[in-house]
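Visitor: Quick one: this structure, given as structure tokens, is what I'll be asking you about.
Every number here is computed from the coordinates shown, using simple stated rules; none is lab data. In this text the structure is predicted, and so the values were computed from the model without any measurement. Here the Cβ positions follow ideal geometry from the backbone for every residue, glycine too, while neighbour counts run over all protein chains shown.
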Amino acid sequence: MSEARTSRGVPGVLGVVASAAGGLESLRTGLVEPALARGWRVAVTLTPTAGRWLRAGGELDRLETLTGLPVRDHSRLPSDPRPHPPVACYVAAPATANTVAKLALGIADNQALTQLTEALGTPGLPVIVFPHINAAHARHPAWPTHLTNLRQAGVHLIQGPDVWPLHEPQAAPPKRELPWAEILRAVDDATR
Ligand SMILES: Cc1cc2nc3c(=O)[nH]c(=O)nc-3n(C[C@H](O)[C@H](O)[C@H](O)COP(=O)(O)O)c2cc1C
């Protein structure tokens, strides 16, 4: 039995981490609601910028109501209790080029990256990352090394021309859907 399952065979806590990329506004309908419907308890953590974006439209409040847990976008005081229960599987989606690069380098300068960098070093804890990037991000000279390092750390990357074809900046089709079905399938596979 996977460690992601409780002793009753139902999923445990899915850690959802999101950064300030296009499609962030579909996090609830694309990932959180379907994960809850599959039986996961969902704990959402955002980068500070993503937190600002979702708070502005009231979406952060909706996520808290839906999940029954606080949405984290900053670190706790050392004297505060941990706001989230232990996580059985992490999904970082959408992940900006910035967040992916920092994760690959082990930089943990916000709450979202603190959780993800630690997860990368935790044996048996699946980490799935969807880089929401464009063709210019991918041509950055450090990008291929970042992906190699993440793969070597066991990260399941949601990427490739069939899943997320790369467009030049400002040239992607409008209202482009994120590959939520692919991401949810990766969660299922990683925690089966
Ligand atoms: C409207 C808008 C859309 C953006 N979309 C993306 C994106 O899809 N991918 C990306 O890597 N950066 C995108 N950015 C840039 C990031 O928001 C920026 O690099 C930010 O510093 C990322 O911070 P974070 O990784 O801590 O969330 C976008 C910025 C804006 C204002």
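Visitor: What spacing in nm lies between the two simple spin-label points modelled at Glu33 and Arg151, each 7 Å away from Cα in the Cβ direction?
Guide: 3.5
Visitor: Choose one of Thr148, Pro86, Ala136: the residue whose Cα lies farthest towards the positive end of the charge dipole of the chain (beta-carbon charges +1 Lys, Arg; -1 Asp, Glu; about the Cα centre).
Guide: Checked the options; the winner is Pro86.
Visitor: A follow-up question, please. To the nearest 20 Debye, how big is the dipole of the stretch 112-192 about its Cα centre, given +1 on the beta carbon of each Lys and Arg and -1 on that of each Asp and Glu?
Guide: 100
Visitor: If exposed means no more than 14 neighbouring beta carbons inside 10 Å and the site is in a DSSP loop, what's the longest run of the chain without any exposed GluC sites (Glu not before Pro)? The partial results should precede the final answer.
Guide: Numbers: sites that count: Glu3, Glu177.
Here the longest run is 4-176.
Visitor: If you place +1 on the Cβ of every Lys and Arg, -1 on the Cβ of every Asp and Glu, and leave all else neutral, what size is the dipole of the stretch 43-192 about its Cα centre, to the nearest 20 Debye?
Guide: 140
Visitor: Whole-Hz Karplus ³J(HN,Hα) for the stretch 70-84, in order, using 6.51 cos²θ - 1.76 cosθ + 1.60 and θ = phi - 60°, x for Gly and Pro?
Guide: x, 8, 8, 9, 8, 6, 7, 6, x, 7, 7, x, 5, x, 10
Visitor: Can you tell me how much longer the chain between Ala56 and His140 gets when fully stretched, taken as 0.36 nm per residue apart minus their C-alpha distance, in nm with one decimal?
Guide: That works out to 27.1 nm of additional length.
Visitor: Asp188 to His74: FRET efficiency via 1/(1 + (r/R0)^6), r the Cβ-Cβ distance, R0 22 Å, to the nearest 0.05?
Guide: Details: r = 31 Å, r/R0 = 1.41.
Calculated value: 0.10.
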